[in-house]
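Derivation of every value follows stated rules applied to the coordinates shown; laboratory data play no part. Small disclaimer: the values here were computed from a predicted structure and weren't measured. Methodologically, a virtual Cβ is constructed for each residue, glycine included, from the backbone with ideal geometry; neighbour enumeration extends over all protein chains shown.
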Amino acid sequence: MPQSLDRHSVNTATLGYQMPIGETIDAIARAGFGGIAPWRREVEGGDIDVIARRIRDAGLRVSGYCRSTYIPGTSREAWAANVEDNRRALRDAARLGAECFVLVVGGLPEGSRDMPDARRQVQDGVADLLAEAATLGVPLALEPLHPMYAADRACVNTIRQALDLCTLLDPARTSHLGIAIDVYHTWWDPELPEAIMRAGREGRILAYHVNDWLVPTSDLLMDRGLPGEGVIDLDAIGSLVCDAGYRGLTEVEVFSHRVWRRPPDRILADCVASIIQGPPTCLQDVR
Ligand code: ZN
């Protein structure tokens, strides 16, 4: 089956933030991709409406806006400030036309060993943001992170845990709350097939991120592989996500000091090559 680049999006982190956002938008469009997922560091402080227009004019969708400020805080005031920061970012996501706002929820606040408390703070924070998400029409995508990040990045660590939180906070399945499935964080999960099918049944899959797990991995954050370079069965997981009914873009998201040594156009060419050689995506868009 032929690969369709326009069914893929590029997370700008993949390019290592080597260029201003305007040039990044143009380069991604020029390479033939159908979408972009920008980061707040590239957008905040700029003219968001100008950036949004440039993305639209380039013919790109915004598969997601990255990402939330960590929600747990050392005090109620710190928690509230984090939530407020996310509310602002969510409004920017709406102006960008983002298809979701990615929630990397945060781990333990400094000095804490209380994981249940961190998870309660996340639950309260997401509940708080949900009304705003509904008003703005930008769904919140909880991204479960590999458990190795539970202390410092995200205390939501499996698809099942993320879905349980969705059920708790949004029992009516309003479409304003769902999950981002990233193969780097979820490929190891023995419950992965059931979890992905459940996510589809419950209408929660908002984003699908691809990359690869290298063996050995030299850096747990900054040594991801391009799709196809590692041990993740992208064909199998992609089929599950497709069978679960997801018809959005497949987002290439690679944090890698090794890849970032290459110029952006070379990285994009390498992404194109990895997609063309890779598993088929769900070509039928029923959005
Ligand atoms: Zn991701």
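Side notes on the structure shown:
- Mean residue ellipticity at 222 nm, helices only, the chain: -12500 deg cm²/dmol; runs of at least 4 DSSP H residues each add -39,500 (n - 2.57), and the sum is divided by the number of residues.
- Considering only GluC sites (Glu not before Pro) in DSSP loops that have at most 11 other Cβ atoms within 10 Å, the longest stretch of the chain without any of them is 111-287.
- FRET efficiency estimate (nearest 0.05) - Cβ-Cβ, Q18 to V231, R0 30 angstrom: 0.60
- Net charge dipole size for the range 80-175 [Lys, Arg +1 and Asp, Glu -1 on Cβ; Debye, nearest 20]: 160 debye
- Residues with amide H under 5 Å from that of M222, placed H, sequence gap 5 or more: none
- Across every pair of non-identical alpha carbons in the chain, the mean reciprocal distance, once inverted, gives a Kirkwood radius of 18.9 Å.
- With both labels modelled 7 Å from their Cα along Cα-to-Cβ, the A151 to R41 distance reads 2.2 nm.
- A Gaussian network model of the chain, with springs between Cα atoms under 10 Å, assigns the largest mean-square fluctuation among A154, A180, A236 to A236.
- Fewest-first ordering of F101, F255 by other beta carbons within 10 Å of each residue's beta carbon gives F255, F101.
- Springs between Cα atoms under 10 Å define the GNM used for the chain, and in it the highest mean-square fluctuation of I276, I21, I237 occurs at I276.
- Top positive-direction residue, dipole computed over the chain with Cβ charges, set G137, W260, I275: G137
- This model, with +1 at the C-beta of Lys and Arg and -1 at the C-beta of Asp and Glu, gives the chain a dipole about its Cα centre of some 400 debye.
- For the range 197-224 and the range 16-39, distance of Cα centres in Å: 21 Å
- Distance between the modelled labels on D117 and A78, one decimal in nanometres: 1.0 nm (7 Å Cα→Cβ projection).
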